[in-house]
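To start, the structure under review is shown below, and the notes come after it.
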Amino acid sequence: MHPSTILMIVVATSAVVRGHPAANTAASQFWEQTLPGTPMPNSIADLVQKGTDHSPLVEPQHSAASPSSSISACTLFDSTCDAQMVAETGIFFHQAQLHPGNTMTLSFPAEAEPAILPQHIAEKVPFGNIDDVLATFKIPAGSVEAAQVRDTLSRCQAPPIAGEVKSCTTSLEAAVQSAMRMLGAAAGGGEVWAAASEIPRAGLPRQPYSVRAVTPILQAGYASCHTMPFPYAVFHCHHMARPMGYWAYNVSLTGRQEGSNVSLLAFCHLHTANWNPAHPAFEVLHTSPGGSPVCHFMPYANLAFVKLANRA
Ligand SMILES: *[C@@H]1O[C@H](CO)[C@@H](O)[C@H](O)[C@H]1NC(C)=O
Ligand SMILES: *[C@@H]1O[C@H](CO)[C@@H](O)[C@H](O)[C@H]1NC(C)=O
């Protein structure tokens, strides 16, 4: 479909849905039916609302180059992010650091995530072909943003690492369906729980944070969906078929200087042998593929899907 045709569809549609809260969107109705008992995280609801009120097709947001969406791509197993930049955020850490009373220095950038498109629009917007994407969103060829679009497309097309199942999806509904399939869970069955880190939109200012509580999340498997740098929300979802190769935690932290409380989801990966040896986590943590476990916090609007271990 020609990009201008898509634009007309979007303008017509957004006139109909504008003004409704995220709670009334098709995405939130889908979420409630598919994941009963699991509230939609605030960060996701905000991005759904943003996609309704300020469609990136009408108001290009040029957020692909933002540090916020870049940091989440750094948590992929084949990441090649700049280790210095990653070290500054404190996103990767050792499992031994996860205990109450410990101090961790963190800084997460302010939210600048691309909007989540309504599914019926996402289905019509170009994704696979770079020229179509650049033309639709008026991104100049040769710009930093164009390079990030190319990088996201090539990461999405790259084969999974051994033992990994992965997908790239362009709507929330498709991301949820993909994660549920990976976990072998039926929609609406209540055996899967989904969550995101509770990070304020303004990000986390760089300061020491005290670990207040570390709560392990018992699980029979997990899948996660990471946002990627792109003009609209693209979720890169993946799952390791190998069981119990990771631990999930809910970590409560308090900023030492501001007294602000945050709850971050964290994953510790025990088996890193098949990761990209150039992964920034190895340099930051002074370890190597197959070495000590690599833990990371889940960045803003990244989704964790947990298949519950013993749900009687
Ligand atoms: C994590 O813990 C905090 C504080 O106890 C709680 O408010 C939050 O809902 C928990 N998040 C998840 C995903 O369990
Ligand atoms: C953070 O949590 C602690 C412990 O629950 C509480 O004492 C404190 O008042 C909270 N701080 C803020 C700013 O909410």
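The values are calculated or read from the model by the stated rules, or taken from the named source; none is laboratory data. These numbers come from a predicted model, not from an experiment. Don't worry about glycine lacking a Cβ; one is built from the backbone with ideal geometry, like all the others, and counts go over all protein chains shown.
Restricting the first residue to the stretch 173-192 and requiring it to be closer than 21 Å to HIS120 by Cα, which pairs with a second residue that is aromatic (Phe, Trp, Tyr) meet a Cβ separation below 7 Å and a spacing of at least six or different chains? Partner pairs satisfying both residue conditions: GLU173/PHE30; ALA175/PHE235; VAL176/TRP31; ALA179/PHE305.
Okay, residues lined up against (1) among the hydroxyl-bearing types (Ser, Thr, Tyr); (2) over 28 Å from GLY51 (Cα atoms):
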{"position": "ARG201", "(1), (2)": "no, no"}
{"position": "LEU204", "(1), (2)": "no, no"}
{"position": "GLN207", "(1), (2)": "no, yes"}
{"position": "ARG212", "(1), (2)": "no, yes"}
{"position": "THR215", "(1), (2)": "yes, yes"}
{"position": "SER224", "(1), (2)": "yes, no"}
{"position": "HIS238", "(1), (2)": "no, no"}
{"position": "GLY245", "(1), (2)": "no, yes"}
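One residue stands out among those in the stretch 252-277 that are within 16 Å of ligand 1 (Cβ to nearest atom) and among the β-branched types (Val, Ile, Thr): the one that is surrounded by the most Cβ atoms within 10 Å (Cβ to Cβ), which is VAL262.
Just one of the listed residues (ALA281, ALA223) is small (Gly, Ala, Ser) and in contact with a Cys (Cβ under 8 Å, 6 or more places away or on another chain), and it is ALA223. Total residues in the stretch 230-274 satisfying the condition of being more than 27 Å from PRO114 (Cα to Cα), among the hydroxyl-bearing types (Ser, Thr, Tyr) and within 16 Å of ligand 2 (Cβ to nearest atom): the figure is 1. Contact map, the stretch 49-69: first residue farther than 11 Å from LYS138 by Cα and at pLDDT 80 or above, second residue of a type in the set (Val, Ile, Thr) and not in a helix (DSSP H, G or I), Cβ cut-off under 6 Å, separation 6 or more or different chains; pairs are GLY51/ILE116.
Given the criteria within 18 Å of GLN97 (Cβ to Cβ), part of a helix (DSSP H, G or I) and at pLDDT 90 or above, does VAL284 qualify?
yes
A count restricted to the stretch 81-127 and to residues that are of a type in the set (A, V, I, L, M), crowded, with 21+ Cβ neighbours inside 10 Å and assigned to a strand (DSSP E or B) stands at 1.
Restricted to the stretch 128-229, the set of helices (runs of 4 or more DSSP H) holding at least 3 residues that are within 30 Å of SER260 (Cβ to Cβ), within 16 Å of ligand 2 (Cβ to nearest atom) and within 14 Å of the chain's Cα centre (by Cα) is empty. The residue that is farthest from ligand 1 (Cβ to nearest atom), among those in the stretch 204-244 that are without any contact (Cβ under 8 Å) to a residue 40 or more places away in the chain and more than 17 Å from PRO100 (Cβ to Cβ), is PRO243.
Among the conditions (1) over 24 Å from GLY101 (Cα atoms); (2) in contact with a Leu (Cβ under 9 Å, 6 or more places away or on another chain); (3) in a loop (DSSP other than H, G, I, E, B), the only one that SER292 does not satisfy is (1).
Which residue out of TYR300, TYR249 is within 16 Å of ligand 1 (Cβ to nearest atom), touching a Phe, Trp or Tyr at 6+ places or on another chain (Cβ under 9 Å) and assigned to a strand (DSSP E or B)?
Of the residues listed, the single one that is within 16 Å of ligand 1 (Cβ to nearest atom), touching a Phe, Trp or Tyr at 6+ places or on another chain (Cβ under 9 Å) and assigned to a strand (DSSP E or B) is TYR249.
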